[in-house]
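Please read the structure below before turning to the comments.
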Amino acid sequence: MDTNSIGSLLLYAGLVVAFFAAAASIVGRWRDDGRLMLAGERASVALSVILITASLLLVDAFLSHDYSNKYVAHYSDNNMPWYYLVASFWGGQQGSLMFWCLILAICTGLVVWQNRDQNRDILPTVIATLMGVQIFFLGLMVLEANPFEAFRVNMPPANGRGLEPLLQNPAMTFHPPSILNGYVWFTVPFAFAVAALFHKRLDDTWIRSTRRYAVVSWAFLSVGNLFGGMWAYQELGWGGFWGWDPVENASLMPWFTATAYLHSVMIQERRDQLKVWNIALVMVTYFLTVFGTFLTRSGLIDSVHTFAQS
């Protein structure tokens, strides 16, 4: 089997494992079966390993100029330096979805490890929620945007089409992954908020468990928007701000709501107030992160930032 076949097989395996992790967590929590809940935790960690391996295969395909891979042929060429080859990983729709799943898998592994001795009553619901998100994005890749899709010919092209010239800027090696990281890391507070609602645990326990994830998400969004401004100033001459562009505005909106959330949770912790407001802010912020990903990679809006058609 070649690299593309192995990569595709890993995506299918990841989808099956995500389904199993979600089902084992839900049924285990419902039946109060510790073995099933533990199986769900271990399956979610196994999914992390699967997606890290698949991502490394895709990066290696770029670095080795494997033009039998359609995604590699479309977003790289022989003359690109290694750092732009790595940046090509998230340069298009398929790779961005892969990057989404990779970071979410790493976050899930961290959640399982950090909560091995705490939040045991709500952890299965948290894992089921995270796996539901993984199933959605893995399903998109498997059905519509597989980054390991290969040409159906014996001889691959001698050279690729290359990365979009507007993206060949040092700031773009930091801007897209920072924005995507900011989007993905906020999935953890969202999953804990869903679990808190489902189990009627609206005290500040879930907030304390997810504070660092929210701060990391906010930090990545801040850095990503900063580098986005630098890129816009250098490449587009927009004066360092985004003006009318809907895609950059879409990445700025969750930054505003995440900032509000980080401030309002302090009131809940100190005065036991704004419980519903904090839940609402988490839900809105997560919705805006998914909406921002959709605008950027669906091609729905005609923008210099939408490097995909679907």
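The values are calculated or read from the model by the stated rules, or taken from the named source; none is laboratory data. All of these numbers come straight from a predicted model, not from anything done at the bench. Cβ sites come from the backbone with ideal geometry, for glycine too, and all protein chains shown count toward neighbours. Each accessible area value is taken on the protein alone, full model and side chains, heavy atoms only, with ligands, DNA and RNA left out. Shrake-Rupley method; radii C 1.70, N 1.55, O 1.52, S 1.80 Å.
Among the residues of region 148-158, is there at least one that is among the hydrophobic types (A, V, I, L, M, F, W, C), farther than 28 Å from L252 by Cα and under 22 Å from the mean Cα position of the chain (by Cα)?
Yes, region 148-158 contains at least one residue that is among the hydrophobic types (A, V, I, L, M, F, W, C), farther than 28 Å from L252 by Cα and under 22 Å from the mean Cα position of the chain (by Cα).
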Does F136 satisfy being over 18 Å from L51 (Cα atoms), in a helix (DSSP H, G or I) and open to solvent by 30 Å² or more (accessible area, probe 1.4 Å)? no
Here are the criteria: (1) open to solvent by less than 60 Å² (accessible area, probe 1.4 Å); (2) part of a helix (DSSP H, G or I). Tell me which single one I52 does not satisfy. (1)
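Matching residues to (1) in contact with a Ser or Thr (Cβ under 8 Å, 6 or more places away or on another chain); (2) of a type in the set (A, V, I, L, M, F, W, C):
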position	(1), (2)
V247	yes, yes
V265	no, yes
L274	yes, yes
T293	yes, no
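Okay, residues lined up against (1) modelled with pLDDT under 90; (2) among the small types (G, A, S); (3) under 29 Å from N169 (Cβ atoms); (4) crowded, with 17+ Cβ neighbours inside 10 Å:
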residue: Y213; (1), (2), (3), (4): no, no, no, yes
residue: L221; (1), (2), (3), (4): no, no, yes, yes
residue: L226; (1), (2), (3), (4): yes, no, yes, no
residue: D245; (1), (2), (3), (4): yes, no, yes, yes
residue: F256; (1), (2), (3), (4): no, no, yes, no
residue: V265; (1), (2), (3), (4): yes, no, no, yes
residue: D272; (1), (2), (3), (4): yes, no, no, no
Check off (1) more than 23 Å from W277 (Cα to Cα); (2) among the β-branched types (V, I, T); (3) open to solvent by 10 Å² or more (accessible area, probe 1.4 Å) for V194 and give me the number that stays unchecked. (1)
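Looking at region 78-98, can you tell me whether even one residue there is under 30 Å from D121 (Cα atoms), modelled with pLDDT of 90 or more and in contact with a Pro (Cβ under 9 Å, 6 or more places away or on another chain)?
From region 78-98, those under 30 Å from D121 (Cα atoms) are none; that's our starting set.
No.
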Within region 167-183, identify whether any single residue is open to solvent by 20 Å² or more (accessible area, probe 1.4 Å), in a loop (DSSP other than H, G, I, E, B) and closer than 25 Å to T285 by Cα, and answer yes or no. yes
If T205 passes every condition in (1) of a type in the set (S, T, N, Q); (2) over 28 Å from R270 (Cα atoms); (3) open to solvent by 40 Å² or more (accessible area, probe 1.4 Å) but one, which one does it miss? (2)
Residues located in region 77-95, provided they are in contact (Cβ under 8 Å) with a residue 40 or more places away in the chain and aliphatic (A, V, I, L, M): M80, V86, A87
Which condition breaks for R116 when tested against (1) within 20 Å of the chain's Cα centre (by Cα); (2) assigned to a loop (DSSP other than H, G, I, E, B)? (1)
